[in-house]
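Everything on this sheet refers to the single structure shown next.
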Amino acid sequence: MTEQEARRKWCPMVNIASPPGGLHRIISSRELGLKCIASGCMLWRLADPDRKDSGYCGLGGKID
């Protein structure tokens, strides 16, 4: 997918701990509406080295 497409997806890796004194729980990025940062993320992989405009989240494994 392109970086623009990726930036519209939520990231399963971002989690925020609740503030001290509050309910002790982890708040997911989906709940907060946090999105993928595409090539700004260490998990981002280029789908094709010759095309810098497309890639995928490396969390899901290699695309064949």
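The values are calculated or read from the model by the stated rules, or taken from the named source; none is laboratory data. Fair warning: this is a prediction, and the values are worked out from it, not measured in the lab. Don't worry about glycine lacking a Cβ; one is built from the backbone with ideal geometry, like all the others, and counts go over all protein chains shown.
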Whichever residue in the stretch 30-56 is part of a helix (DSSP H, G or I) and in contact with a Gly (Cβ under 8 Å, 6 or more places away or on another chain) and, among such residues, is farthest from residue 9 (Cα to Cα): 39
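Yes/no per residue for (1) out of contact with any strand residue (DSSP E or B) (no Cβ under 8 Å at 6 or more places or on another chain); (2) of a type outside the set (A, V, I, L, M); (3) at pLDDT below 75; (4) surrounded by 13 or more Cβ atoms within 10 Å (Cβ to Cβ):
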residue: 12; (1), (2), (3), (4): no, yes, no, yes
residue: 20; (1), (2), (3), (4): yes, yes, yes, no
residue: 34; (1), (2), (3), (4): no, no, no, yes
residue: 45; (1), (2), (3), (4): no, yes, no, yes
residue: 48; (1), (2), (3), (4): no, yes, no, no
residue: 52; (1), (2), (3), (4): no, yes, no, no
residue: 56; (1), (2), (3), (4): no, yes, no, yes
residue: 59; (1), (2), (3), (4): yes, no, no, no
